[in-house]
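The values are calculated or read from the model by the stated rules, or taken from the named source; none is laboratory data. As the structure is a computational prediction, the values presented were derived from the model and not from experiment. Heads up, the Cβs are rebuilt from the backbone with ideal geometry, glycines too, and the neighbour counts pull from every protein chain shown.
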């Protein structure tokens with residue numbers, strides 16, 4: 001059995017795979033928690049995996065804490081994946097391939113095999129990333145912009161009298177409270193960036209482009225995006241499985 005981990009800046013998503021078949025899966029938030037306790041709750045009742053494959057953008061401290069848990073409890077050294085120049089029929093646009101975030105690379109690989117034509121991969125989390133892959137598997141690059149929560153925090157840090165309660169208002173262009181206006185502004189900035197970027201990508205390619213969206217904030221922006229958009233909550237995990245040879 002292989003355990004696959006998608007470790008973001010705020011959350012960990014995981015799934016078990018055995019001979020290409022998915023099994024137990026789950027997720028937990030980690031940004032303010034004890035990693036050992038969170039890992040205990042998630043994996044202590046599982047049969048130890050033969051391999052643990054990790055796509056992490058959370059940084060060295062988080063990676064070290066995860067590695068320590070798997071070594072201590074399962075005696076397994078996790079493998080931390082890195083982007084490469086080419087994998088699974090997809091070429092990497094970056095001149096230094098490893099500097100492309102492994103979550104973006106895994107999502108690109110999964111999307112390329114899920115759609116027959118060109119596809120824009122949108123990942124909405126702490127950051128929002130967009131990546132374009134052509135019909136022949138050429139990753140053309142993309143964009144990174146602040147996520148919804150980060151935009152709100154930036155306003156709080158730089159506006160003396162702005163305080164947010166932490167509640168999630170409805171995103172509307174006609175907000176009637178400051179809190180709703182800040183939240184709606186952040187959501188609409190992300191939506192507008194995605195819509196405009198995809199339009200420019202289509203013009204650049206001279207062809208239609210499918211859009212697939214993933215990430216913890218996908219549900220906030222999905223209803224507001226123009227055109228048909230495919231939602232794939234487990235897109236990064238699917239890519240990790242492909243990179244691990246599970247699919």
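At-a-glance table
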| quantity | calculated |
| --- | --- |
| Unmet criterion (only one of (1) surrounded by 12 or more Cβ atoms within 10 Å (Cβ to Cβ); (2) in contact (Cβ under 8 Å) with a residue 24 or more places away in the chain) for residue 208 | (1) |
| Boolean, residue 96 is over 18 Å from the mean Cα position of the chain (by Cα) and under 24 Å from residue 6 (Cβ atoms) | yes |
| Strands (runs of 3 or more DSSP E) fully within the stretch 1-82 counting 1 or more residues that are modelled with pLDDT under 90 | 11-18, 21-29 |
| Matching residues in the stretch 87-120 - criterion: being touching a helix residue (DSSP H, G or I) at 6+ places or on another chain (Cβ under 8 Å) and farther than 18 Å from residue 57 by Cβ | 88, 89, 90, 113, 114, 118, 119, 120 |
| For residue 214: the one exception among (1) buried (at least 16 other Cβ atoms within 10 Å of the Cβ); (2) more than 21 Å from residue 131 (Cβ to Cβ); (3) touching a helix residue (DSSP H, G or I) at 6+ places or on another chain (Cβ under 7 Å) | (2) |
| Condition broken by residue 224, with the remaining ones in (1) at negative phi; (2) touching a residue at least 40 places away in the same chain (Cβ under 8 Å); (3) touching a strand residue (DSSP E or B) at 6+ places or on another chain (Cβ under 8 Å) satisfied | (3) |
| Of all residues making up the stretch 92-103, the number that are crowded, with 18+ Cβ neighbours inside 10 Å and either part of a loop (DSSP other than H, G, I, E, B) or free of Cβ contacts under 8 Å to residues at least 60 places away in the same chain (or both) | 4 |
| Residue tally, condition crowded, with 20+ Cβ neighbours inside 10 Å and free of Cβ contacts under 8 Å to residues at least 40 places away in the same chain, over the stretch 37-60 | 1 |
| Search result, residues across the stretch 12-34 that are under 18 Å from residue 61 (Cβ atoms) and touching a strand residue (DSSP E or B) at 6+ places or on another chain (Cβ under 9 Å) | 12, 28, 29, 30, 31 |
| The lone exception for residue 82 - which of (1) more than 20 Å from residue 233 (Cβ to Cβ); (2) over 16 Å from the mean Cα position of the chain (by Cα); (3) surrounded by fewer than 22 Cβ atoms within 10 Å (Cβ to Cβ) it fails | (2) |
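Residue-wise test of (1) in a helix (DSSP H, G or I); (2) over 24 Å from residue 8 (Cα atoms); (3) at pLDDT 95 or above; (4) touching a strand residue (DSSP E or B) at 6+ places or on another chain (Cβ under 9 Å).
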residue	(1), (2), (3), (4)
196	yes, yes, yes, no
203	yes, yes, yes, no
213	no, no, yes, yes
239	yes, no, yes, yes
246	no, no, no, yes
